[in-house]
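The following block contains the structure, expressed as structure tokens.
Laboratory data are not the source of any read-out in this text; all were calculated from the coordinates shown. Not measured: the values here are computed from a predicted model. Positions of Cβ are generated from backbone atoms using ideal geometry, with glycine treated the same way; all protein chains shown enter the neighbour counts.
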Amino acid sequence: MSKRAVNLLRKMAVPIKFDTSNPLTGVQTKVDNSLLNTGAAVTTTLTAAQSGTHFNIDGTDDIVVNMPALSTTNVGLNYSFMVTTAVASGKTVTFVLPGSGVSNWYGSIVHWGQTSPASTDVAGDTLTLIAVSAIGSRVSMLCVADDGTNSTWECRAESDKLATID
């Protein structure tokens, strides 16, 4: 590179000043504190419009979260969840894929406080946080394939109790 080109590049390089007039911002995650955080039993079906949302969960009663109906436009949909009130004894939080037996979770399951590494499970359409899963237990998920007939969702479940995929 010529000396002239180097000097031109140096003159063009202007430091960016970040302050109240030019703040550094990023994408903010939507947080839903109401849909699954009622203290009562809830059964709901998520929508594409809710993609990217983080949901807080009150596990006082049974929670059933159905994923969106099969559609080729589901690829890329993603959701995250965190238990903010422990899952009660005899209660569960379940995440159900559409179309019984035609969709699968590809799951990475982390069981806190255990010496074994994370486990994986790739066969089943229902992911369950079992009874007495602690505050802070969390699940994230991403639709990686959906041809309108069956779907595949990647998920990561972390809890003090071993989550299941059936």
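Just checking: which of the strands (runs of 3 or more DSSP E) contained wholly in the range 25-86 hold 2 or more residues that are farther than 24 Å from D146 by Cβ?
53-58, 78-85
Out of everything in the range 155-166 that is closer than 11 Å to W105 by Cβ and of a type in the set (A, V, I, L, M, F, W, C), what residue ends up being surrounded by the most Cβ atoms within 10 Å (Cβ to Cβ)?
Applying the filter and picking the extreme gives A157.
Taking the conditions exactly as written (touching a Cys at 6+ places or on another chain (Cβ under 8 Å) and under 25 Å from K161 (Cα atoms)), does M82 satisfy them or not?
no
Report yes if I109 is aliphatic (A, V, I, L, M), within 14 Å of the chain's Cα centre (by Cα) and more than 24 Å from K30 (Cβ to Cβ), otherwise no.
Answer is yes for this residue.
I'm told T85 meets every condition in (1) farther than 19 Å from D32 by Cα; (2) touching a residue at least 24 places away in the same chain (Cβ under 8 Å); (3) of a type in the set (V, I, T); (4) surrounded by fewer than 18 Cβ atoms within 10 Å (Cβ to Cβ) except one. Can you identify the failing condition by its number?
(1)
Within the range 134-166, how many residues turn out to be in contact with a strand residue (DSSP E or B) (Cβ under 7 Å, 6 or more places away or on another chain), of a type in the set (D, E, K, R) and in a strand (DSSP E or B)?
Residues flagged as in contact with a strand residue (DSSP E or B) (Cβ under 7 Å, 6 or more places away or on another chain), of a type in the set (D, E, K, R) and in a strand (DSSP E or B) within the range 134-166 amount to 4.
Looking only at residues in the range 88-104 that are touching a Gly at 6+ places or on another chain (Cβ under 9 Å) and either among the hydrophobic types (A, V, I, L, M, F, W, C) or more than 21 Å from T45 (Cα to Cα) (or both), which one is surrounded by the fewest Cβ atoms within 10 Å (Cβ to Cβ)?
Among those residues, the one meeting the criterion is A88.
What do you reckon, is A69 in contact with a helix residue (DSSP H, G or I) (Cβ under 7 Å, 6 or more places away or on another chain) and either polar (S, T, N, Q) or closer than 20 Å to E154 by Cβ (or both)?
no
Just for the range 127-154: of the residues that are buried (at least 22 other Cβ atoms within 10 Å of the Cβ) and in contact with a Gly (Cβ under 8 Å, 6 or more places away or on another chain), which one is nearest to F81 (Cα to Cα)?
L129
Could I ask something else about it? Please pick out the residue among G107, G124 that is in contact with a strand residue (DSSP E or B) (Cβ under 6 Å, 6 or more places away or on another chain), buried (at least 16 other Cβ atoms within 10 Å of the Cβ) and either among the polar types (S, T, N, Q) or part of a loop (DSSP other than H, G, I, E, B) (or both).
On the way: G107 fails: either among the polar types (S, T, N, Q) or part of a loop (DSSP other than H, G, I, E, B) (or both).
Only one candidate passes the filter, namely G124.
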